[in-house]
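The structure under discussion appears below in the form of structure tokens.
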Amino acid sequence: MVRAMAVVVAALAAVFLPLSPAHAAYGPDQPVYIQLNATDPSNTGLARLEGTIAFDDGDTMFRYAVRLCWLHAYPAPNLRIYVNGSTQIWPVSTGTTSTPGCQMTTLYAAEVAHGAAVANVRFEVTGGWFYPGSQYNTRTKSYTSDNPFT
């Protein structure tokens, strides 16, 4: 009898207690790396982006943590992030740090809830330089991470 009552109470609790939302699990970190160089005769290093990205198994979220090293670009290089090739999101700066060989290293990290399926995320770094003489040039290089769950 006690056993039957326990089963009834457990069944009622399951019906009336709200379900807690399921939390998606992140897959393994994937490396992100971009080396941006000028197209001058010295192949001058302008900027370097490195870090990681991970996608959730629910296909709508991702997290990233990257470092943008300012080498010799003028002015400082910039970072753009695109979801699914077209939706731009603003990188979230979490501060700066010193890195040997870099004028400055800017840290970026965030967890992004996109709200729709995330097939890929593209990181773009743009930097500028003067060559020849006072002619100003810019160059952009990108790296795309594909979501392994889609």
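The numbers here are math on the coordinates, done by the rules we state, and not lab data. Treat the numbers as computed from the prediction; the structure is a model and nothing was measured. Glycine gets a Cβ as well: all are built from the backbone with ideal geometry, and neighbour counts include every protein chain shown.
Contact order, relative form, for segment 81-150: 28 percent (alpha carbon pairs under 8 Å, 6 or more residues apart, mean separation divided by residue count). Between His114 and Asn43, the modelled labels are 3.4 nm apart [label points 7 Å from Cα along Cα→Cβ]. With 0.36 nm allotted per residue and the present C-alpha distance subtracted, the Arg63-Thr140 stretch has 25.4 nm of extension available.
Taken as Cα centroids, segment 60-97 and segment 114-150 sit 9 Å apart, rounded to the nearest whole angstrom. Peptides 124-136, 47-59 ranked from most to least packed by the mean count of surrounding Cβ atoms within 10 Å: 47-59, 124-136.
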